[in-house]
Amino acid sequence: MTARGKAGAFAAGLFLALAAHAAQAQVQVQEPVVHVLDRADFVLSNERLLPPYARVPPPDDAPWQQVSLPDNWYLSHPGNTQVGWYRLAFELSPEQARFPHALYLPRNSARRMDFYFNGNWHSGNSGYGDPGARNWAPPLINTVPALNLKPGLNVLHIRVVAVPEVRQGLTRIYIAQGPAGRPLYEMRYATQITTLFMFSAAALLAGLLAAAFWLRERGDTTLPWFAVTALAWAVTAFPWLHSAFTPPALFHGPLAFAVRFAYAGPMLVLCLRVAGKRWPWTEAAMWAFTLTGFLLASVLSEDRQGSVITYWSATYLVALFALLVVLIRSEQRERRWAFWLLASALIVAVLLNAHDLAWWMGWIDYESFQLAHFHIPLVLFAIGATIIDRHFRAVAAVEQARVELEERVAQKAREIEANYARVQEAEHEKALARERQRIMADMHDGLGSSLIALLGAVQSGEASLPDVERRLHEALQELRLAVDALEPTDGDLGVILGNVRHRLRAAIESSGVRFHWEVGELPQLPSLTPKAVLAIQRVVLEALTNSLRHARARGVTVRTQVNGNWLQIGVSDDGIGFDEASVTPGRGLASVRQRARSLGGQVDIRSSRGAGTDVTLRLPLEHA
Amino acid sequence: MAADTAPVTTVALVEDDRDTRARLTASIRAQASLRLLAEYTTGAETLAGLEPGAPDVLLVDLGLPDISGLEVVRFVAERYPGCDILVISIFGDEANVLAALEAGARGYLLKGSLQHDIAFDIQDIRNGGSPLSPIIARRVLKRLQRPDDASARKIDDETTLTAREGEILNTISRGFSYAETAQMLGISVGTVHTFLKRIYRKLAVHSKTEAVFEANRLGLIR
């Protein structure tokens, strides 16, 4: 069970504990009660028009008949409009007669009651004087001073004006010594009336809150009905909570009657909607039910309201039960704690209303508590909890949806990125393939023709073996560099030069020269094509090979230098050199120059006999 | 390490091409410091043949008829950590060489190498790894580089290069020899080898975490 479920169960448990405590209290306080009078003599009197001073108990020779209490006029005197007189007798010892006593009635349910002790008028109670009397039958307590009592037999006359139709009559009479009857009264009053104060105040607040929420969230279909139900209950019950709020007597009947209808219709509609049902016809029927109740209430006199209340109670009970069935059948897919809370509240509502209907029909003790009104706060609480649960589930769902959406957007972005990368890669591949094609053609011309020339030389027997080996090495070198040039180096000149040295490693080591490699950090030229890479490598290779093979040098230096927008790659040796003037530009030098030009650069070759050779390749760093 | 006294190194060879195999076995036999234990022609044969134990050095051709040479490398590197693996590659096959290094190989030799080179290469590998070509060094550098946006991913010393390691790779990629690199950075050649060993290990770890990352991305692991 969730924490919220526990809280709901706790509230329900508290409620049940209170009810149980109230019931138990009655038993506990039996002790100091001196007499519980459940037998009386009764006589009807046609005296309503008599002025108050003429209202005296009927003489002993009147046609008194024995009745037992409680006396529910609906059962014993249906349709009666006359005044009823009760005569009760009780013994007091001389000791007891010296103390004041309390007269306690669990239910003050008559239009008016007058009490006479030993023939003297003692007190009168108008049920309408007590604000709750009309709907919830508060208890009654009167203190009887010792002056009105006597040792031995005491006679109590009670004059009762009551309407049988609305189940008025007389309960048993409890005579208790001194303040002993007070706790009985307090407990009954707290259970029947004070709880109503609490419920009404809470309903008022909850109704206003729900209305405020609804103002912010007009689309909600349950909140307005929650507000209407709670406020209807609070507003119609309010006048009965304290005599200060009691409306003029003229409205007592209609208003008291209307309370029942005010909450019933909206609450049933509300429950249906919470259960996820929107049945326009059913809802319309409920509104008709409510409005009819209001109209009847304002038209019918009190004498005629009884049968309407009977039908109302039965209909409401059936409606509650039907609602319970609908709820249980509707929410089968997902039973959350809020569902069980609402179902429990409805079960309790059915039981409480059945109890009160049974009382109304006179099937159970007339002095029973009125319990039906307890179901309203219960059901409202359960519905409120359901609404809150839904609200937070919706908030969570929105959050979840937001997270999912974000995830999906991110996913899409990744896919687009990947697609873009793939397209880029494909473009790159295509460019590379074109370049490869070009280099292949180049190799076929260059490498192919030198191999063919070598083949011719071998076939004709012109070439010596070392010569063949050397030329084959050159061809292999050429092949390796061509393949290396295809490697994606992003125009990293350091790596391009490093690779030339790597390929020449064996030659350098076997030549025995002191090799100085002074290649610094070089800029990258991403726009460099494989063909340009190959061209650079060939120039450097050519220069290095010359120095290693022909110069008879002791030291060879490769040095790079960045000069403004130009990169200089220098290959120098301390070998024999050559006389620039005397050497006719050979094929090697010509091709080196041609390659440098194709790169947008140039080659400077400086040498003189005996002073070494210095080859410098100048490359523009900014490829236009 | 008594690299100079060079005790006999045992070697096994996996190569399906008969001519290449013949050339390689001849080269190995010509070296007194090497002893050829076995030659295999397929991956399956190799895995079965290595059952009793692996040689000091295993030469593996990447293009085998049955299973990929990379698989053989991965298996042997995992199973026999003491065995140094050299892959036999051809020109321009840097991508495969890098994959082999990631799989656990310690170096590579080119099919066109001269006979005496093999002894050097094997000696190199026993010393801590064969010379990285500038192109491969650059690739390794790229692969293990720390992302620019260091906060984006947790910096992982297991799979990214330290500044020193980056410096070493950068120098090698510009064509400098190990000795020159050591001199430039003011460290010994042995230290360069140590760094390279560590880089090789990171490469292997990186390839594993990258596989996991990739699998995650493709939703294979949940």
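Any read-out appearing in this document is the output of simple, stated calculations on the displayed coordinates, not a laboratory observation. Being a predicted model, the structure only gives us computed values, none of them experimental. Every residue, glycine among them, receives a Cβ derived from its backbone with ideal geometry; neighbour counts consider all protein chains shown.
Below is a table of values for the structure above.
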| item | result |
| --- | --- |
| Distant-in-sequence amide H partners of B:L37 (H built 1.01 Å from N, under 5 Å) | B:V11, B:A12 |
| Karplus-derived 3J(HN,Hα), 6.51/-1.76/1.60, for each residue of the range A:472-477, Hz, glycine and proline x | 5, 4, 4, 4, 4, 4 |
| Residue-wise HN-Hα coupling along the range A:69-76, computed from phi with Karplus coefficients 6.51, -1.76, 1.60 (Hz; x: Gly, Pro) | 9, x, 10, 8, 4, 4, 8, 8 |
| Alpha carbon convex hull of the range A:190-390, volume per residue in cubic angstrom | 127 Å³ |
| Average other protein chain Cβ within 10 Å of Cβ, residues A:499-506 | 5 |
| 5 angstrom amide H check on B:G104, placed H, neighbours 5+ away | none |
| Per-residue Cβ neighbour rank within 10 angstrom, fewest leading, A:R336, A:R39 | A:R39, A:R336 |
| Dipole-positive endmost among A:A203, A:F213, A:V160 within the range A:153-221 (Cβ charges, Cα centre) | A:V160 |
| Volume per residue of the C-alpha convex hull in the range B:9-130, rounded to whole Å³ | 88 Å³ |
| Order by protection proxy (mean Cβ within 10 Å, highest first), peptides A:92-102, A:259-269 | A:259-269, A:92-102 |
| For A:483-492, mean number of other protein chain Cβ atoms within 10 Å | 4 |
| For the range A:256-328, alpha-carbon Rg relative to the globular expectation (2.2 N^0.38 Å, N residues) | 1.14 |
| Distance from the range A:367-411 to the range A:500-575 (C-alpha centre basis), Å | 79 Å |
| Shielding of B:177-189 by partner chains, average beta-carbon count, 10 Å | 1 |
| In sequence order, calculated HN-Hα J values of the range A:164-172 (Karplus, 6.51, -1.76, 1.60; Hz; x Gly/Pro) | x, 4, 9, 6, 8, x, 10, 8, 5 |
| Equivalent-ellipsoid semi-axes of the range A:358-423, from the Cα gyration tensor, Å, largest first | 63, 8, 4 |
| Cα-based Kirkwood hydrodynamic radius, the range A:32-189, one decimal, Å | 15.8 Å |
| Cα-projected label distance for A:L147 with A:Q400, points at 7 Å along beta-carbon direction, nm | 7.6 nm |
| Translational D in µm²/s for chain A (Stokes-Einstein at 4 °C, 1.567 mPa s, Kirkwood Rh from C-alpha pairs) | 38 µm²/s |
| Amide hydrogen neighbours beyond the local backbone of B:V60, cut-off 5 Å, H modeled | B:V14, B:L86, B:V87, B:I88 |
| Distance violations [Cα-Cα > 23 Å] among B:K111/B:K142; B:K142/B:K197; A:K531/B:K111 | B:K111/B:K142; A:K531/B:K111 |
| Ordering of A:83-90, A:469-476, B:57-64 by packing [mean C-beta count within 10 Å, highest first] | B:57-64, A:83-90, A:469-476 |
| Chain A, dipole about Cα centre (Lys/Arg Cβ +1, Asp/Glu Cβ -1), debye to the nearest 20 | 360 debye |
